[in-house]
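Note sheet for the following structure.
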Amino acid sequence: SRIEKKKEETKSVTASDSYGFEFASYKDSKTGFYYAWVIYVLPGSPAAEAGLERGDWIIAVGSDSPNVTNTSAFYSGGATTLLVADAVRENNVITFQKKKELSIAASRVVEDTPFLKDSVYTINGKNIGYLVYNSFTSGPDDEGDEYDNRMKQIFAQFKAKNVNEFVLDLRYNQGGLVTCAQLMTSLLVPADALGKTFCIMEHNEKQSKSNETLLLKKNAELGNANLDLKRIYVLTGSVTASASEAVINCLIPYLTRSNITIIGGKTIGKRVGGNTFGTKEEYDWLLHPITLRIYNADHNADYANGFEPDVKIEELVVGNEILPFGDTNEMLLSEALSRITGLKSQPARGESEGRILLAPSSLERKKTKGLIFESGK
């Protein structure tokens with residue numbers, strides 16, 4: 001549970017200016033300087049316009065030598081330059097080799113779209129859909145249904161291309177609206193599950209009258225875009241949580257756990273949800289109490305310690321090559337594709353002794369709302 005001061009202009013996490021990229025940070029213990037390892041760039045952002053790419057290292061902002069002593073310099077500011085480099089690790093020591101200098105425009109409000117990549121691959125007779133889905137939000141500021149409609153459109157395109165295998169990339173997805181998780185799951189489940197239980201939301205004994213069961217959508221509500229999958233591959237990471245975990249858990253009764261292959265890192269283990277109070281009132285605070293626990297159709301929620309991956313791959317090990325989303329050689333995606341197609345592909349990974357493992361630290365500032373249930377939606 002938490003409380004936060006309302007922002008005057010909007011409640012959105014995108015209300016503040018941003019250069020439009022997220023990163024894992026590394027701090028040199030000797031110099032105190034920070035370095036940013038870019039994990040993704042938002043389309044239409046100053047970072048995208050500057051040519052910044054996933055996998056780039058930023059070693060300086062507005063200087064030709066390392067100079068960042070506070071990671072806020074990577075988030076926002078005026079027009080400046082970014083010094084991009086390659087990282088080299090030898091015997092647990094990292095050095096940086098300057099690669100290029102990018103001019104970047106001043107930070108501004110950037111749309112934090114949840115859709116970072118969608119692709120279809122036809123390999124070895126398989127039509128494989130791939131979606132990088134970054135947050136469970138129905139539209140900008142969680143208002144309207146722009147993103148819900150976009151999700152249906154993307155899945156309609158998958159359906160039109162006869163997608164029969166699927167890779168869902170939730171590695172940086174920290175959660176969001178339960179209704180979006182309901183929609184996502186409805187698009188993925190076997191067709192004969194539609195209209196059945198998606199989840200059971202239970203409150204404490206004093207609030208048991210508020211208990212509710214949400215059903216999977218029917219195909220007509222989905223624009224007939226349900227993929228009727230028999231198995232799925234889910235890419236996860238150290239910040240995968242809440243609504244992301246609910247999708248995995250709520251697929252289990254219909255696919256079985258053995259047909260859900262989790263690749264990447266262990267998830268966080270948030271099986272509770274809450275409501276937001278104060279959005280329509282005049283007082284200056286938003287209240288986000290935890291109010292319920294979410295179960296699947298079998299009344300199971302056995303992931304308090306997170307979902308363990310079936311294939312553990314630690315992406316953010318210094319020395320790994322982080323490739324663009326959708327690149328068939330990208331380490332998590334390539335593992336899923338090799339298991340689907342039977343064609344082996346094992347990119348080099350920085351798994352040697354003395355490795356340096358990072359976390360996607362910039363995502364902490366977003367204060368993602370976890371799993372939110374909006375009454376009456």
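The values are calculated or read from the model by the stated rules, or taken from the named source; none is laboratory data. On a predicted model such as this, the values are computed, not experimentally measured, just so you know. Please note: Cβ atoms are built from the backbone with ideal geometry, for glycine as well, and neighbour counts cover all protein chains shown.
Of note:
- Screening Asn320 against (1) within 27 Å of Leu42 (Cα to Cα); (2) touching a residue at least 40 places away in the same chain (Cβ under 8 Å) leaves a single unmet condition, (2).
- Subset of the stretch 138-157 [touching a residue at least 24 places away in the same chain (Cβ under 8 Å) and in a loop (DSSP other than H, G, I, E, B)]: Ser138
- Scanning the stretch 121-165 for residues that are of a type in the set (D, E, K, R) and closer than 21 Å to Asn224 by Cβ yields Asp145, Glu146, Asp148, Arg150, Lys152, Lys159, Lys161, Glu165.
- Filter result (under 30 Å from Leu216 (Cα atoms) and among the aliphatic types (A, V, I, L, M)) within the stretch 297-322: Ala297, Ala301, Ala304, Val311
- In the stretch 116-165, residue modelled with the lowest pLDDT [restricted to those that are β-branched (Val, Ile, Thr) and closer than 21 Å to Phe21 by Cβ]: Thr137
- Residue in the stretch 158-180 that is under 25 Å from Lys126 (Cα atoms), out of contact with any helix residue (DSSP H, G or I) (no Cβ under 7 Å at 6 or more places or on another chain), of a type in the set (Phe, Trp, Tyr) and crowded, with 21+ Cβ neighbours inside 10 Å present: yes
- Single residue of the stretch 202-235 satisfying the filter (part of a strand (DSSP E or B) and of a type in the set (Ser, Thr, Tyr)) that is nearest to Gln182 (Cα to Cα): Thr213
- Residue within the stretch 233-245 that is of a type in the set (D, E, K, R), buried (at least 21 other Cβ atoms within 10 Å of the Cβ) and in contact (Cβ under 8 Å) with a residue 12 or more places away in the chain present: yes
- When Ser210, Ser138, Ser186 are checked against the criterion of being touching an Asp or Glu at 6+ places or on another chain (Cβ under 6 Å) and surrounded by 15 or more Cβ atoms within 10 Å (Cβ to Cβ), Ser138 stands alone in meeting it.
- Residue list for the stretch 214-242, restricted to those being under 15 Å from the mean Cα position of the chain (by Cα) and either charged (D, E, K, R) or under 28 Å from Asn162 (Cβ atoms) (or both): Tyr233, Val234, Leu235, Thr236
- Within the set Ser361, Ser334, the sole residue that is crowded, with 16+ Cβ neighbours inside 10 Å, modelled with pLDDT under 90 and within 18 Å of Tyr172 (Cα to Cα) turns out to be Ser361.
- In this structure, Asn173 does satisfy being in contact (Cβ under 8 Å) with a residue 24 or more places away in the chain, out of contact with any Gly (no Cβ under 8 Å at 6 or more places or on another chain) and part of a loop (DSSP other than H, G, I, E, B).
Conditions tested, residue by residue: (1) touching a strand residue (DSSP E or B) at 6+ places or on another chain (Cβ under 6 Å); (2) more than 29 Å from Leu337 (Cα to Cα); (3) in a strand (DSSP E or B); (4) without any contact (Cβ under 8 Å) to a residue 60 or more places away in the chain.
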site: Ile263; (1), (2), (3), (4): yes, no, yes, no
site: Gly269; (1), (2), (3), (4): no, no, no, yes
site: Gly273; (1), (2), (3), (4): yes, yes, yes, no
site: Lys280; (1), (2), (3), (4): no, yes, no, yes
site: Leu286; (1), (2), (3), (4): yes, yes, yes, no
site: Ile294; (1), (2), (3), (4): yes, yes, yes, no
site: Ala297; (1), (2), (3), (4): yes, yes, no, no
site: Tyr303; (1), (2), (3), (4): no, no, no, yes
site: Pro309; (1), (2), (3), (4): yes, no, no, no
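- Lone qualifier among Val84, Val110 - being of a type in the set (A, V, I, L, M) and touching a Ser or Thr at 6+ places or on another chain (Cβ under 6 Å): Val110
- Subset of the stretch 275-305 that is within 18 Å of Asn249 (Cα to Cα) and among the small types (Gly, Ala, Ser) - its residue that is farthest from the chain's Cα centre (by Cα): Ala297
- Verdict on Tyr147 being hydroxyl-bearing (Ser, Thr, Tyr) and under 30 Å from Gly77 (Cβ atoms): yes
- Positions within the stretch 29-71 being among the hydroxyl-bearing types (Ser, Thr, Tyr), touching a helix residue (DSSP H, G or I) at 6+ places or on another chain (Cβ under 9 Å) and free of Cβ contacts under 8 Å to residues at least 60 places away in the same chain, in sequence order: Tyr34
- Candidates Ile252, Ile263: the one that is over 18 Å from the mean Cα position of the chain (by Cα), in the same structural domain as Ala304 (by TED's automatic domain parsing), surrounded by 15 or more Cβ atoms within 10 Å (Cβ to Cβ) and β-branched (Val, Ile, Thr) is Ile252.
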